[in-house]
Amino acid sequence: MTKKLISVISVILILGWIIGCGGKNTLVKQGLMDTPQAHYTQGKSLLKEGKIDEARKEFNRSIHLNPKFAPGYEGMALVYMLKGDIKSAHKYVDKSLGLDGKWVPAYVAKGRIFVAEGKYKDGINWFNKALKMDSTIEDAYIYKGEAYIKLNDYDNAENTYKEGLNALPNSTTLNDKWKDLQDIRRASAGLPPEYVAIARTPAITRADLAALFVVELNLDKIMKKRGAPEYKKFYAPQSNIMGKKEGATTTQLPQDVQNHWAKHYIEKVMNYGIMEPYPDGTFKPDEKLTRANFALFVQNFLIKVTGDKGLSTRFIGSASPFPDVPNSHYAFNAIMVITTRGIMKAKLDGTFGLTEPVPGKDALLILKKVKANL
């Protein structure tokens with residue numbers, strides 16, 4: 001009986017020692033790279049790739065390997081921020097700062113969380129705290145600049161990127177941010193405030209372009225001035241089309257446009273023959289516009305405005321200067337028309353980028369060149 005009691009006590013003591021040393025949330029290291037720092041670094045890489053759930057697993061393991069590992073909590077804060085759980089994001093970043101008040105990335109994370117809440121000035125204050133502690137932390141400049149852009153304070157955004165480049169002259173990211181900002185400012189120069197939002201979007205849609213054709217190019221006025229006729233009329237189902245001109249063609253407006261915010265813009269560009277629906281009868285207004293289709297629609301516009309129908313076949317049979325554009329491609333002629341006129345350009349690698357999206361700043365700059373060509 002005594003031996004059994006001793007055995008039971010021994011087991012209890014051993015379990016108590018294990019719990020006391022490691023705690024129920026502490027994992028045992030299983031490999032040379034199974035360390036909190038390694039998992040944190042991997043988690044940060046996964047976040048940049050957009051793999052939020054995978055990053056969460058890495059940060060979670062870093063914390064379980066060492067419950068006092070401040071970077072792990074900072075990483076978890078970013079995960080929750082990206083998932084839209086701002087309350088939990090603040091909780092984790094505050095935990096990180098509580099464990100290590102000198103962990104600068106946590107200050108940057110705190111700023112990003114405030115920006116995600118729409119509290120841009122609070123975010124900027126935290127980025128400044130980070131930079132005061134370490135003037136070479138790239139992310140602080142990047143996100144501080146973006147916060148100023150959201151405030152439409154382009155002067156301070158530009159100054160932020162310049163300061164970052166002074167501290168980190170080899171930063172390609174900061175250099176790209178600075179160049180993008182210059183393009184945005186050039187694209188929206190002299191235009192109404194809403195155009196700034198267009199200039200900032202990474203990819204415009206087919207509906208966006210329809211609206212830009214009508215508003216930015218003042219489509220009705222320019223078509224009337226040039227005497228360009230409407231070649232087709234699009235009508236909604238059950239609409240009254242009595243009194244239409246003899247010989248006019250009537251076609252039903254695509255169903256996916258009926259209740260769309262850009263319905264009237266789309267109707268105009270279709271009436272003028274500048275943009276067309278897909279073969280299946282849909283317009284796909286919210287589909288991201290490709291560079292190939294942008295070239296095609298700009299060509300259609302030039303043909304309608306100039307009356308030069310020969311533009312549509314001018315380069316048929318010619319050799320293609322672009323490795324990604326065979327001369328048999330449906331947009332080949334259009335691409336040649338707009339590139340030879342300097343309206344659109346090849347990419348740095350010599351390709352045209354057929355299927356790539358069109359950023360808002362590029363769309364505005366291209367349409368400015370279209371105006372100049374007229």
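Bear in mind these aren't lab numbers, they're just calculated from the coordinates by the rules spelled out. On a predicted model such as this, the values are computed, not experimentally measured, just so you know. Note that we place each Cβ from the backbone using ideal geometry, even for glycine, and neighbour counts take in every protein chain shown.
Go through LYS347, LYS368 for me and flag whichever is surrounded by fewer than 20 Cβ atoms within 10 Å (Cβ to Cβ), assigned to a loop (DSSP other than H, G, I, E, B) and among the basic types (Lys, Arg). Can you show your working first?
On the way: LYS368 fails: assigned to a loop (DSSP other than H, G, I, E, B).
Testing whether each residue is surrounded by fewer than 20 Cβ atoms within 10 Å (Cβ to Cβ), assigned to a loop (DSSP other than H, G, I, E, B) and among the basic types (Lys, Arg) leaves just LYS347.
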- Item | Residue check for PHE127: in a helix (DSSP H, G or I) and closer than 21 Å to ARG200 by Cα | no
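May I ask you to verify whether LYS87 is assigned to a helix (DSSP H, G or I) and closer than 30 Å to LEU151 by Cα? Write out each step before concluding.
Numbers: assigned to a helix (DSSP H, G or I): yes; closer than 30 Å to LEU151 by Cα: yes.
Considered against the rule, which asks whether it is assigned to a helix (DSSP H, G or I) and closer than 30 Å to LEU151 by Cα, LYS87 comes out as yes.
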- Count of region 55-84 residues which are under 22 Å from ASP34 (Cα atoms), aromatic (Phe, Trp, Tyr) and assigned to a helix (DSSP H, G or I): 2
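I'd like the full set of residues that are assigned to a helix (DSSP H, G or I) and either farther than 19 Å from LYS368 by Cα or among the small types (Gly, Ala, Ser) (or both), limited to region 180-201. Even if it seems obvious, please write down each step before you answer.
So in region 180-201, the residues assigned to a helix (DSSP H, G or I) come out as 180-188, 194-200.
Once the filter is applied, which keeps residues that are assigned to a helix (DSSP H, G or I) and either farther than 19 Å from LYS368 by Cα or among the small types (Gly, Ala, Ser) (or both), region 180-201 yields ALA187, SER188, ALA197, ALA199.
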- Item | Count of region 132-141 residues which are surrounded by fewer than 21 Cβ atoms within 10 Å (Cβ to Cβ), assigned to a helix (DSSP H, G or I) and not charged (D, E, K, R) | 1
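Residues are listed down the side, and each one gets a yes or a no for (1) farther than 27 Å from LYS121 by Cβ; (2) touching a Leu at 6+ places or on another chain (Cβ under 8 Å); (3) of a type outside the set (D, E, K, R); (4) exposed (fewer than 14 other Cβ atoms within 10 Å of the Cβ):
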{"position": "ASP153", "(1), (2), (3), (4)": "no, no, no, no"}
{"position": "ALA157", "(1), (2), (3), (4)": "no, yes, yes, no"}
{"position": "LEU168", "(1), (2), (3), (4)": "no, yes, yes, no"}
{"position": "ASN175", "(1), (2), (3), (4)": "no, yes, yes, no"}
{"position": "ARG185", "(1), (2), (3), (4)": "no, no, no, no"}
{"position": "ARG206", "(1), (2), (3), (4)": "yes, yes, no, no"}
{"position": "PHE213", "(1), (2), (3), (4)": "yes, yes, yes, no"}
{"position": "LYS221", "(1), (2), (3), (4)": "yes, no, no, yes"}
